[in-house]
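The values are calculated or read from the model by the stated rules, or taken from the named source; none is laboratory data. Owing to the predicted nature of the structure, the values given are computational and were not obtained by experimental measurement. When we count neighbours, we look across all protein chains shown, and the Cβ atoms used for this are built from the backbone with ideal geometry, even at glycine. Side chains included, ligands, DNA and RNA excluded: accessible areas come from the protein's heavy atoms. Shrake-Rupley method; radii C 1.70, N 1.55, O 1.52, S 1.80 Å.
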Amino acid sequence: MFMNSNLFEPGKSKPERSFVQLAVKQNQRFDGRRSNECRDVELTFGADWGTVAVSMGDTKVLTHVTCDMGAPATSRPNEGKLQLNVNLGGVAFLDEVQTTHDQRSLTLNSLLERTFRSSRSVDLESLCVAAEQHVWCIRVDVNVLNHDGNLYDASTIATLAALMHFRRPDVTFTDDELRIYTEKEREFIPLLFLHYPVSVTYCIYKSSGQPIVDPTLLEENAADSVIVLSFNSYQELCSLNAGGTAPTNVRTIMQCARNAATRCKSLVDFVRKALLLDEERRLQGGRLVNGLVALIGNTQHKLSFNKLMSCQKQEPQPAPTEKMELDNEISEKPEVEEIEVKEEPSKQETGDAPMDSSGWLPQDEDSQELPIPSEASTSKAGKGKQNRSKNKANKKPQQKKQNHSDSEEEARQYI
């Protein structure tokens, strides 16, 4: 039986494509977002370690991480293994044509492998128990529950959150005996990371030069080109995937890269903060989410990106006040010194009359130049320690010149 996927998947027909491109040309989107605005990301952690559900609008992905002991590869005997598997069975209209289903799953799987395996985000050497004998094999299963566009970003966020949430059991290898401890005997150990990559997807249309971030399924299928950029928390490029028929210049790609770098950094911060909240809930003995249906439909334990990051922006506000208080304390110290400096010239000013240099210096050419630096030093005496050093430097040549003038008077008397 011949089945055409264009009848089941939105955005494949010509009227839909022309309608979407016309809306993009007018800088309008169907869900009311702007071209540089992303959908809200929601995370839900399960009761088991490494079980995470991610929702981006109507796009829902469930990721589960497991581990097992195995033999290392011959080329890398002291490194563990990281396997990624993508399952699109939950999406009905993607199962109609087997070729389309396989192509999507292979594309998404290759993108995840380049983002996490090729960039070496996980420290695989820490997974080695005994070189050439026993290593940990980490398996990540990505299950697509619903597809409404931007599967790349949802899958990378779910994979990163699941790997960071996962804990492996402790193990010892002594006298050729391997022993794996349970969670009651020893606490489970988290994975070690070298960096934390996340991807951001852009769609480009021939009718408009403005790229669209976080596209829906309708916008993604109607796009002429799709660019997927993966950055880590250090804003370093991990992978780049660009394909399509729309011509893209360097300026557009650099614009997308700058925005994607900041977006990826904020997403990694969001995942870290969500993990801290989940850990606090586990320590307090809160109720954990059990079962697949409860994990997807539970709204109580969902952690929203917009809410957490907005709270994070409001929390650092008292921090500058503390810094201002410290600055005020530091600034109070030179004020005391300034007062002490100002007291010295005040004693000279309390005299009956200002001192005349004509009484203790000879009326030579040098004596006319000396009062000028002395007046400048008294006017700038309240500016701190730097002016003190200047006053000292000005006083020393005065003494030398005074001695010099006394010697001249003695020489004249003898003559």
Residue tally, condition open to solvent by 60 Å² or more (accessible area, probe 1.4 Å) and modelled with pLDDT under 90, over the range 185-210: 3
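Table: residues versus (1) in contact with a strand residue (DSSP E or B) (Cβ under 8 Å, 6 or more places away or on another chain); (2) at pLDDT below 90; (3) hydroxyl-bearing (Ser, Thr, Tyr); (4) within 22 Å of HIS147 (Cβ to Cβ).
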| site | (1), (2), (3), (4) |
| --- | --- |
| PHE2 | no, yes, no, no |
| SER5 | no, yes, yes, yes |
| PRO10 | no, yes, no, yes |
| ARG33 | no, no, no, yes |
| VAL41 | yes, no, no, yes |
| GLY46 | yes, yes, no, yes |
Pair list, Cβ < 6 Å and 6+ apart or interchain, from the range 246-258 residues that are farther than 14 Å from PHE231 by Cβ and without any contact (Cβ under 8 Å) to a residue 60 or more places away in the chain to residues that are open to solvent by 70 Å² or more (accessible area, probe 1.4 Å) and of a type outside the set (Phe, Trp, Tyr): ALA246/LYS206
Selection from the range 235-259 of residues that are in contact with a helix residue (DSSP H, G or I) (Cβ under 8 Å, 6 or more places away or on another chain), farther than 25 Å from LEU22 by Cα and surrounded by fewer than 22 Cβ atoms within 10 Å (Cβ to Cβ): GLN235, LEU237, SER239, ASN241
Total residues in the range 235-250, condition under 26 Å from SER266 (Cβ atoms) and either of a type in the set (S, T, N, Q) or modelled with pLDDT of 90 or more (or both): 8
Strands (runs of 3 or more DSSP E) contained in the range 181-292 and holding at least 1 residues among the aromatic types (Phe, Trp, Tyr): 198-205, 225-231
Odd one out for ASN232, checked against (1) at pLDDT 90 or above; (2) open to solvent by 40 Å² or more (accessible area, probe 1.4 Å): (2)
Residue match in the range 154-177 (condition: of a type in the set (S, T, N, Q), over 29 Å from the mean Cα position of the chain (by Cα) and open to solvent by 60 Å² or more (accessible area, probe 1.4 Å)): yes
Every pair of residues 6+ apart whose Cβ atoms lie under 7 Å, when the first sits in the range 114-135 and is on the phi < 0 side of the Ramachandran plot while the second is crowded, with 18+ Cβ neighbours inside 10 Å and assigned to a helix (DSSP H, G or I): THR115/THR156; PHE116/THR159; VAL122/PHE116; VAL122/LEU163; VAL135/LEU127
Residue count, the range 211-226 (criterion: surrounded by fewer than 23 Cβ atoms within 10 Å (Cβ to Cβ) and of a type in the set (A, V, I, L, M, F, W, C)): 4
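Condition check ((1) at pLDDT below 90; (2) surrounded by fewer than 17 Cβ atoms within 10 Å (Cβ to Cβ)) across all residues:
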| residue | (1), (2) |
| --- | --- |
| PHE93 | yes, yes |
| GLN98 | yes, yes |
| ASP102 | yes, yes |
| ARG114 | no, no |
| ARG117 | no, yes |
| VAL135 | no, no |
In the range 26-74, the residues that are of a type in the set (Val, Ile, Thr), part of a strand (DSSP E or B) and either open to solvent by less than 30 Å² (accessible area, probe 1.4 Å) or free of Cβ contacts under 8 Å to residues at least 40 places away in the same chain (or both): VAL41, THR44, THR51, VAL52, VAL54, THR59, VAL61, THR63, VAL65
Condition check for LEU88: open to solvent by 10 Å² or more (accessible area, probe 1.4 Å), in contact (Cβ under 8 Å) with a residue 24 or more places away in the chain and not charged (D, E, K, R): no
